[in-house]
Amino acid sequence: MCTDFILPLEDATQAKISARTMDYGNCAASPNVTDLVKVPAGMNFESLAPTHKHSLATGHKWVNTYGFVGTWLHPAATTFEKDMDADPTKLTYNDGLNTAGLSAAVLWLAYSEYEEPGEEAECLEIAHIAGYVLGTCATVAQVREKLDKLTVWAPEIWENLLANHLCVHDANGDSLVLEFTRGNKVYYNNTIGVLTNGPTFDMHATQYYYHYKSMTNKDNNRDRYIQLSEDESGVYHIQQGNGFQFEVLSDGTFGLPGDSTSPSRFVRTAVLKEFVPRTYDNRTGVQYALQILGRIAVCEQEVLTLYNPDGKPEEPRTTYNPTLWQVVRDHSDKILYYSTRLNHNLYSVRLNDLNLDKGSAWGILPMENDQWCTDNTASLDKPVK
């Protein structure tokens, strides 16, 4: 479970702000954590490809043109040096922002059916798709151009864990969704600017346009205000009138879904983002994105899942799908903001201030932070001048 969106724009010159939640299986027996990974330009990546003998061979190889900061979600027991040989090119990135201002995010889509592998040199394993896009593309147009030359596939052992579709936003404000249906790539020009999980994007878009696009922040020109009055005998009457108007407003969004299912999160996000002012600077845009994130984040034990974090059926069921973390991406100033499920303080990484040049060192940083609140007691206790 995840939700991704980009704020609407008044014109092409203003800040481009997108955001995303990561809702993932989490239980006491197998908790998950996320690290931020700094990946400089010029690193050598390679994917895997299947052979006719059902073994694995080297697939597509590339050198990343753009440095990026990616998120790596893994079991808490995993240590980078032990399990990944201290090599950031081997990680499975599920989100990130690069130096060109392009973001890439993979979200769960159980209906994914990947392509049949072709030539080994053209095989890109789905686990590497976000890292590939972040390292080689600057625009939405380049994403499609480059991926069309490759075959995206998944080993059978990963089918339950890497059933994903791809969401991309760039510094121009353009958005693209890529899904894999019946063994084919299917691209969508994401003018709605939202992506969640199943069903496929076309079905989400149809539901939104048919049933929810007409929702408004006004009251549909209907007087639904309630007035409470007392007659001479001391009996109170509740009737339609002009009293207490501030208490009952916004029936233009009456019926907007509030549950955490994927279709409901899609339409709720699509409707709410239309109520964001169209003009904003970078800081204000980040705050608007946080307001929407607060309406779609999933509580700790709100969604009980059938599968554990390993993608296997679990009995008894003890795994929930809370929002583990959320990010806000400033595509214009190349800043990645983030907070986590037990720490809503907002932290930032400025890509323009990172050394992401070819030959520089990679880095890793846990997203969890013990500095979870700011104490203003002393400030309030100062005498008023």
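Please compute the Cα-Cα pair-distance distribution of segment 2-144 with 5 Å bins starting at 0, giving whole percents from short to long.
All Cα pairs, binned at 5 Å, distribute as 2, 8, 15, 19, 20, 17, 11, 5, 2, 1, 0 percent.
Taking only protein heavy atoms and a 1.4 Å probe, what accessible area per residue, in Å², does the chain have with all protein chains in place?
Dividing the accessible area of the chain by its residue count gives 51 Å².
Just to be sure I understand: with springs between alpha-carbon atoms less than 10 Å apart, which residue in Ala121, Ala77, Ala270 has the highest mean-square fluctuation in the Gaussian network model of the chain?
In the Gaussian network model the winner is Ala77.
Assuming 0.36 nm per residue, please report the length gained on full extension of the stretch Lys146 to Gln371 beyond their Cα-Cα distance. Write out the running numbers ahead of the final one.
Values: separation 225, 0.36 × 225 = 81.00 nm, distance 4.13 nm.
Full-extension gain reported as 76.9 nm.
Bin all alpha-carbon pair distances of the chain at 10 Å intervals from 0 and give each bin's fraction as a whole percent.
5, 21, 30, 23, 11, 5, 3, 1, 0, 0
Which is farthest toward the positive dipole end of the chain among Val143, Pro155, Val37, measuring Cα position about the Cα centre, with Cβ charges +1 (Lys, Arg) and -1 (Asp, Glu)?
Farthest along the dipole direction, towards plus: Val143.
Share of segment 253-384's accessible area from carbon and sulfur, percent, 1.4 Å?
Details: 3840 of 7570 Å².
That fraction is 51 percent.
Per residue of the chain, what 222 nm ellipticity follows from adding -39500 (n - 2.57) for every DSSP H run with n ≥ 4, rounded to the nearest 500?
Working: 7 runs with 59 residues, N = 385.
Per the formula, -4000 deg cm²/dmol.
With 21 Å as the cut-off, how large is the P(r) tail for segment 248-331, expressed as percent of Cα-Cα pairs?
So the portion of pairs separated by more than 21 Å is 45 percent.
Under the definition of Cα pairs under 8 Å and six or more residues apart, what whole-number percent is the relative contact order of the chain?
Working: 838 pairs, mean separation 90.4, N = 385.
In percent, rounded to a whole number, it is 23.
Could you tally the net charge around Cys137, taking each other residue with its Cβ under 13 Å from the Cβ of Cys137, Lys/Arg +1 and Asp/Glu -1?
That works out to -1.
Identify which of Ala12, Ala171, Ala105 has the largest mean-square fluctuation in a Gaussian network model of the chain, with springs joining Cα atoms closer than 10 Å.
Ala12
Between Ala361 and Asn217, what is the FRET efficiency for a Förster distance of 41 Å, r being their Cβ-Cβ separation, to the nearest 0.05?
That gives a FRET efficiency of 0.25.
What's the extension gain from Val235 to Glu10 if we count 0.36 nm per residue and subtract their Cα-Cα distance? Could you put the intermediate results ahead of the total?
Values: separation 225, 0.36 × 225 = 81.00 nm, distance 5.26 nm.
Fully extending the segment from Val235 to Glu10 adds 75.7 nm.
Can you tell me how much longer the chain between Thr78 and Ala110 gets when fully stretched, taken as 0.36 nm per residue apart minus their C-alpha distance, in nm with one decimal? Let's see the in-between values first.
Values: separation 32, 0.36 × 32 = 11.52 nm, distance 2.53 nm.
Gain in length upon complete extension: 9.0 nm.
Using a Debye calculation, one point per C-alpha and no hydration shell, please list log10 I(q)/I(0) for segment 3-49 at q = 0.19, 0.24, 0.32 Å⁻¹ in order.
Results for segment 3-49 at q = 0.19, 0.24, 0.32 Å⁻¹ read -0.96, -0.95, -1.15.
Label segment 169-217 by shape, choosing from rounded, prolate and oblate, from the square roots a ≥ b ≥ c of the eigenvalues of the Cα gyration tensor; if a/c is under 1.5 it is rounded, and otherwise prolate applies when a/b is larger than b/c, oblate when it is not.
oblate
What is the dipole size for the chain, taken about its Cα centre, with +1 at each Lys and Arg Cβ and -1 at each Asp and Glu Cβ, in debye to the nearest 20?
Values: 31 positive and 49 negative charges, 134 e Å.
For the chain, the charge dipole is close to 640 debye.
Please return the longest stretch of the chain lacking exposed loop sites, where chymotrypsin sites (Phe, Trp or Tyr not before Pro) count only if DSSP places them in a loop and at most 11 other Cβ atoms lie within 10 Å. Walk me through the intermediate numbers first.
On the way: sites that count: Phe244, Phe254.
So the longest stretch without any such site is 1-243.
The values are calculated or read from the model by the stated rules, or taken from the named source; none is laboratory data. Just so we're clear, the structure is a prediction, and the values are computed from it rather than from any experiment. Here the Cβ is made from the backbone with ideal geometry for all residues, glycine too, and neighbour counts use every protein chain on show. Protein only, heavy atoms only, side chains kept; ligands, DNA and RNA dropped before computing areas. Shrake-Rupley method; radii C 1.70, N 1.55, O 1.52, S 1.80 Å.
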